[in-house]
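Written below as structure tokens is the structure these notes are about.
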Amino acid sequence: MTTRLMSRIENVQKNNSFSGTILVKHKNDVLVHTGYGYANRAEQLNNRTGTRYGIASGCKIFTATAICQLVEEGKLSLETKLSECLDVEFPHFNENITIHHLLTHTSGVPDYFDEEVMDDFEELWIERPMYHMRRLHDFLPLFQDGHMKFAPGERFHYNNAGFILLGLIIENVSGLKFTDYVQSHIFDKAGMTDSGYFALDALPGNTAIGYIDLEDGTWKTNMYSLPVQGGSDGGAFVTTTDMLRFWDALMGRKLLGKTLTTKLLTPHAESEDGNFYGYGVWIGKKNESVLKYHVMGYDPGVSFHSAYYPATDIKLAVCANISTGAFDMMMEIENELSL
């Protein structure tokens, strides 16, 4: 199986010039762990099994886990209203928005990057330079005076601003900077020793630079395309090994007890294309049974997928430092393993 799987992975890599690292494990057995392409193209430094990658929205599950930890401690309720836990003026927001709504993308709050009307992430930084975006409150001017898109609970609409609000709630309730909270309460507890919310202008060693390939065959880095430092809606850096450590810690209840782990992994909302969403995690179903728990992230120069398949106890992480490719790689792995 491992030989066939490697062969299929290498075929995909050749066809789409995949650049990144792939890890697939069955229980404790490593089926594949390999890297392709360059972490630094100018210096021709290879992507390796221990390379760190940005994962964009793939880290929303860390934010959801942090919120659930605070709920477990009795500092919040999932039905706590936004107005009750955040002292910020939102003149046009519905007063009935709850933490549950924010976690499930059903709040209806305006987004700072609305994928229904915008397709170029770099447009955001024309009037507000990305190098100023270092803390969660820096994002508030981008959406806090906006109008609701729909009433809370009415429907699912993927929303980054809602997770910015969740991060601000974590800071307000815990008294810690969001990134410090995640480091001590999630990364450290899960043994994710190589992960963090690193600033793009101060990346540590063994971290892949994100690349944007242009139509004329040239490329540029993503340094001027993203907020300089990630936060509660996206932008953490992980290794493939650390990402699987997170799944182990979550499923092994090292981060949350049974009740809140179950709540986080319960399908609470359904998207228009028939996919289900829990708290910070996508949930794939087949014949009413859970097929996989799945996180993903896409930004300019970032492509990421990671999943846990409960029926087979298989886990995978596909991290890429290019804008596309992780999805095709994950699908090839799923097809070979009949997942």
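The values are calculated or read from the model by the stated rules, or taken from the named source; none is laboratory data. Note that the coordinates shown come from a computational prediction; the quantities given were computed from them, not determined experimentally. No Cβ is skipped: glycine too gets one built from the backbone with ideal geometry, and neighbour counts run over all protein chains shown. Just the protein is used for accessible areas: all its heavy atoms, side chains included, with ligands, DNA and RNA removed. Shrake-Rupley method; radii C 1.70, N 1.55, O 1.52, S 1.80 Å.
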Name the helices (runs of 4 or more DSSP H) wholly inside the stretch 1-108 in which the number of residues that are surrounded by 17 or more Cβ atoms within 10 Å (Cβ to Cβ) and among the polar types (S, T, N, Q) is 2 or more.
60-72
THR193 meets each of (1) of a type in the set (S, T, N, Q); (2) open to solvent by less than 50 Å² (accessible area, probe 1.4 Å); (3) not in a helix (DSSP H, G or I) with one exception, condition (2)
Kindly establish whether ASN172 is touching a strand residue (DSSP E or B) at 6+ places or on another chain (Cβ under 9 Å) and open to solvent by 50 Å² or more (accessible area, probe 1.4 Å).
no
So for the stretch 9-23 (the condition being more than 15 Å from VAL173 (Cα to Cα) and charged (D, E, K, R)), does at least one residue qualify?
yes
Residue by residue through the stretch 309-326, note down the ones that are surrounded by fewer than 23 Cβ atoms within 10 Å (Cβ to Cβ) and over 15 Å from LEU23 (Cβ atoms).
PRO310, ALA311, THR312, SER323, THR324
Which members of the stretch 1-37 meet the condition of being without any contact (Cβ under 8 Å) to a residue 40 or more places away in the chain and aromatic (Phe, Trp, Tyr)?
TYR36
Qualifying positions in the stretch 1-29 - among the polar types (S, T, N, Q) and touching a strand residue (DSSP E or B) at 6+ places or on another chain (Cβ under 7 Å):
THR2, GLN13, SER19, THR21
Taking into account only those residues within the stretch 281-301 that are open to solvent by less than 10 Å² (accessible area, probe 1.4 Å) and within 12 Å of the chain's Cα centre (by Cα), which is nearest to HIS105 (Cα to Cα)?
VAL281
